[in-house]
6 protein chains.
Amino acid sequence: MKVCRRVNFNAAHRLFRKDWSDDKNNAVFGKCNNPNYHGHNYVLEVWIDGEIDPETGYVIDLKILKEIILTDIVERFDHRNLNLDCPEFENLIPTAENIILVCWNLLRANLDEKFQLRLKLWETENNIFEYDGK
Amino acid sequence: MKVCRRVNFNAAHRLFRKDWSDDKNNAVFGKCNNPNYHGHNYVLEVWIDGEIDPETGYVIDLKILKEIILTDIVERFDHRNLNLDCPEFENLIPTAENIILVCWNLLRANLDEKFQLRLKLWETENNIFEYDGK
Amino acid sequence: MKVCRRVNFNAAHRLFRKDWSDDKNNAVFGKCNNPNYHGHNYVLEVWIDGEIDPETGYVIDLKILKEIILTDIVERFDHRNLNLDCPEFENLIPTAENIILVCWNLLRANLDEKFQLRLKLWETENNIFEYDGK
Amino acid sequence: MKVCRRVNFNAAHRLFRKDWSDDKNNAVFGKCNNPNYHGHNYVLEVWIDGEIDPETGYVIDLKILKEIILTDIVERFDHRNLNLDCPEFENLIPTAENIILVCWNLLRANLDEKFQLRLKLWETENNIFEYDGK
Amino acid sequence: MKVCRRVNFNAAHRLFRKDWSDDKNNAVFGKCNNPNYHGHNYVLEVWIDGEIDPETGYVIDLKILKEIILTDIVERFDHRNLNLDCPEFENLIPTAENIILVCWNLLRANLDEKFQLRLKLWETENNIFEYDGK
Amino acid sequence: MKVCRRVNFNAAHRLFRKDWSDDKNNAVFGKCNNPNYHGHNYVLEVWIDGEIDPETGYVIDLKILKEIILTDIVERFDHRNLNLDCPEFENLIPTAENIILVCWNLLRANLDEKFQLRLKLWETENNIFEYDGK
């Protein structure tokens, strides 16, 4: 049985490598390499796979899951500049792939081992990402 | 090949256990334990996994699948109080997890064995559930 | 300049008149007359029409508007039975038309007179309502 | 790690078999058998499963994936009559199942073997399809 | 008080003028001039402006409005070729502007004079139209 | 008759006044005052009110309107830092109210006088804005 809580966070980022020339950064990352940053409304679905607790009828209380996500993800990344404000991306390009990977590791560390974890992330309405740790 | 029909039903419910005190019900189920009930617009996706019939190009005629879902699910639960009107929840807390489980069993019983069945249920735009029988 | 904050609340209700027979209630209100109630996820957009404050660039701080809506509307109606728990509907059928009217009056009383107020309410994805006090 | 690009195309089609009588076509395909065609706004999600390139933080540059999809799918099917304009459906009924199958084969031929490919197709907001080549 | 019912219909169409050359039709209507037609999922919102009936709490029973729309609009245009199957467009280019105009006239003729009527039509998720008879 | 084209742009911004202390900026703008910026996916609907051209059935060719919006709005603001990259906001706080005002003035200057112009802007799925020049 899989259960999901959906949340939002809004952040700025820039895609580039310090060890690349401006030309190479522009060639690979295009307008995402704007040195003054741009931003997105990220939508994150956190999916937990586990057994129904026969006592409560819940896999996990989604009120509790919501609190975990607010603490681990939303307070950390919402209204932040991922490159400048977030040590997780000090040496990691904040592509959506790396953002979902970082979120998965942060949430995995605070979830009971009995649960499997899968994330789905919208960077825009046309660019979507999914990661389950494998 | 997987094909899906999406439907809606609107129902009232209350989350509580008769064998628990009011305090314990409130501690676990919070405002979902309102003794006078509250309600939701449930959205259900019914996914069928099977082979394309080379004669029709269909896995299953979605007009037929729609009729099965209307009979098995929508007529049963739409504009109902899940706790009071539906014997399926007489001894089962109508959490979304249990609702999707009950729907899966109802649909499974009326589908050809050659099809696999997976359901996805939105209780709100932020609380989502998925079940495939395993 | 018009600005809007969108919120959700989930409630149970029943459409009927005590002074009508069961037959008449069923003829007029159909399955919405279920004596055990049913429910909906209501989505409410609160639109404020006013001038931009040149100092802040805001018509109204949406964080403040959100708090007003949470206090006036969401805490009052979310996870409630509109017929049984809400004195606003003691002598008023909780149709979506009457719900949006009640919400409008509640919000109007707490908004500066310089603002015009318009509400939009989704009862389902197909049934939508709008009211601006006129 | 899975990444997705979403696109749209709008097309006309008719579901029928030349080797069936009108009666049989109507019995099986109903109003989808209108000899003058009808149409849909198709929404296609193209999901790629692969490893993150540690140099770029991308699984695949979605700008490149977008170009592949525009060339292979959108330019081919957008504002077309699938039955009359598209040789892919000369001998294949353009059901959504067959459309997603054709799209999958077209995209698979132009994608690096290291990527797995899964498609999701909305024919209407209630009829959805998914195919991953298996 | 404004109330709305939302419906869908799926149709094929072609934009062109018989009295223009192919070149002129292509210059003006582009790919919408495909002689073999293309199609769309049209979404129509029907908005009625009127007084709340104090007896029922309804402006108009949306179940009745739904039936009017199904008869006047959906049965007429759903799964049809607007150019070939619908006399309304025999001498009228089926642009979305003309479609919404035709729908407005059809619905206006069957609605009580006390109601004002406004329509909103999505031809795609990016092309939207609105008409209120003025 | 009103017609609309919907577009997206993704940008970074910061809400603050240089002539205010940090404390006052934080008190008024909260987390939107992050000195390193944050960002949003902005969705803009551009509504044109005019007469149907009887020759084409169009109020305005939406392909042409799309080009105007791409040139005037999307190329100017997409993947930009509104505070640092856009002279329009050099002395104007980039609140959504001011963004929609700037967009309206930019589009108004390039539209035929016979058209009325109204804009609708989503900054997030819960914060929405509308402006028609009055």
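The values are calculated or read from the model by the stated rules, or taken from the named source; none is laboratory data. This one's a predicted model, so the numbers in the text were calculated from it and none came from an experiment. Here Cβ is always computed from backbone atoms with ideal geometry, including for glycine, and neighbour counts include all displayed protein chains. Just so you know, the surface numbers come from the protein's heavy atoms only, side chains and all, with ligands and any DNA or RNA stripped out. Shrake-Rupley method; radii C 1.70, N 1.55, O 1.52, S 1.80 Å.
General observations
- For the stretch A:2-131, the orientation-averaged shadow of the C-alpha convex hull comes to 8.3 nm² (one quarter of the hull surface).
- Long pairs among B:Lys2/B:Lys63; E:Lys114/E:Lys134; B:Lys66/D:Lys31; C:Lys120/F:Lys134, criterion Cα-Cα beyond 19 Å: C:Lys120/F:Lys134
- Backbone geometry of the stretch B:17-24 corresponds, through the Karplus equation with coefficients 6.51, -1.76 and 1.60 at θ = phi - 60°, to 3J(HN,Hα) couplings of 10, 4, 8, 10, 5, 4, 4, 5 Hz, x marking Gly and Pro.
- As a calculated quantity, the FRET efficiency between F:Trp20 and E:Asn91 at R0 = 45 Å, using C-beta atoms, amounts to about 0.10.
- Proximal aspartates and glutamates to C:Lys18, defined as alpha-carbon separation beneath 18 angstrom and excluding residues fewer than eight positions away on the same chain: C:Asp85, C:Glu88, C:Glu90, E:Asp53, E:Glu55
- Euclidean distance between Cα centres, the stretch B:28-68 to the stretch D:69-134, Å: 25
- Entry comment: accessible area of chain D is 41 Å² per residue, from protein heavy atoms only and a probe of 1.4 Å.
- Karplus-derived 3J(HN,Hα) values for the stretch C:35-42, using 6.51 cos²θ - 1.76 cosθ + 1.60 with θ = phi - 60°, are x, 8, 6, 9, x, 8, 8, 7 Hz; glycine and proline are entered as x.
- Residue-count net charge about C:Glu55 - beta-carbon cut-off 14 Å; Lys, Arg +1, Asp, Glu -1: -2
- Largest accessible area first, the listed residues D:Ile73, C:Ile68 line up as C:Ile68, D:Ile73 when surface is computed with a 1.4 Å probe on the assembled protein chains.
- With label points set 7 Å from Cα along Cα→Cβ, the inter-copy distances at E:Glu125 are 0.5, 1.2, 1.2, 1.2, 1.4 nm, sorted shortest first.
- Take the Cα of C:Leu84, step 7 Å toward its Cβ, do the same at C:Asp61, and the gap between the two points is 4.0 nm.
- Within the protein assembly as shown: Cβ-based charge dipole about Cα centre, in debye rounded to nearest 20 (Lys, Arg +1; Asp, Glu -1): 0
- Of all DSSP beta bridges in the stretch D:2-131, antiparallel share, percent nearest 5: 90
- In this assembly of identical copies, the label point of D:Ala109 (Cα plus 7 Å along Cα-to-Cβ) is separated from its counterparts by 4.8, 4.8, 4.9, 5.0, 6.9 nm, sorted shortest first.
- Positions from the stretch D:83-99 whose accessible area shrinks by 40 Å² or more when the full protein complex is built, not the chain alone, probe 1.4 Å: D:Glu97
- Gaussian network model of chain F, springs between alpha carbon atoms under 10 Å - residue of F:Val43, F:Val28, F:Val102 with greatest fluctuation: F:Val28
- Positive-pole candidate from D:Thr56, D:Ala96, D:Asn25, dipole of the stretch D:2-131, charges at beta carbon: D:Asn25
- A Förster radius of 51 Å combined with the Cβ-Cβ distance from B:Asn110 to C:Asp132 puts the calculated FRET efficiency at roughly 0.60.
- Net charge in the neighbourhood of C:Asn33 (other residues with Cβ under 10 Å of its Cβ; Lys, Arg +1, Asp, Glu -1) is +3.
- Debye-sum result for the stretch A:13-62 in log10 I(q)/I(0), which assumes one identical scatterer on each alpha carbon, at q = 0.27, 0.32 Å⁻¹: -0.97, -1.14
- The 3J(HN,Hα) values that the Karplus relation (6.51, -1.76, 1.60; θ = phi - 60°) gives for the stretch E:118-134 are, in residue order, 9, 10, 10, 10, 9, 8, 9, 6, 10, 10, 10, 9, 9, 8, 10, x, 9 Hz. Gly and Pro appear as x.
- Set against the 2.2 N^0.38 Å expectation for a compact globular protein, the protein assembly as shown has a Cα radius of gyration ratio of 0.96.
- Once backbone amide H atoms are built at 1.01 Å from N, B:Asn81 has B:Ala12 as its partners under 5 Å, excluding neighbours fewer than 5 places away on the same chain.
- Acute angle (nearest 10 degrees) that the helix B:96-108 long axis makes with the longest principal axis of chain B, alpha-carbon atoms: 30
- Interface size, chains D and E: roughly 1800 Å² of accessible area buried, both sides included, 1.4 Å probe, rounded to the nearest 100.
- Area accessible to solvent at F:Lys63, 1.4 Å probe radius, in Å²: 90
- Assigned charges on the beta-carbon of Lys, Arg, Asp, Glu; the stretch A:1-88 dipole about Cα centre (debye): 520
- Size of the stretch A:48-119 from its Cα atoms: along the principal axes, largest to smallest, the extents are 46, 19, 16 Å.
- Springs join every pair of Cα atoms under 10 Å in this Gaussian network model of chain F, and among F:Leu107, F:Leu15, F:Leu62 the largest mean-square fluctuation is at F:Leu62.
- Closest approach to the axis carrying A onto F, counted by Cβ on chain A and given in whole Å with its residue, is A:Gly39, 0.
- Computed over the stretch E:81-134: relative contact order in percent, which uses C-alpha pairs under 8 Å that are six or more apart: 30
- For the stretch C:1-38, applying the loop criterion from DSSP together with a ceiling of 14 other beta carbons within 10 Å to the trypsin sites (Lys or Arg not before Pro) yields C:Lys18.
- Fraction of accessible area attributable to carbon and sulfur, chain A (%, probe 1.4 Å): 47
- Each other copy holds its own label point for B:Pro87; taking that point as 7 Å from Cα along Cα to Cβ, the gaps run 4.3, 5.4, 6.1, 6.1, 7.7 nm, nearest first.
- FRET efficiency, 1/(1 + (r/R0)^6) with R0 56 Å, evaluated for A:Ala27 and C:Thr71 via beta carbons: 0.60
- Rel. contact order, % - alpha carbon contacts under 8 angstrom, at least six apart, chain C: 31
- Interchain or long-range residues, amide H under 5 Å from E:Tyr58's placed H: E:Asp53
- A Gaussian network model of chain D, with springs between Cα atoms under 10 Å, assigns the largest mean-square fluctuation among D:Ala11, D:Ala109, D:Ala96 to D:Ala109.
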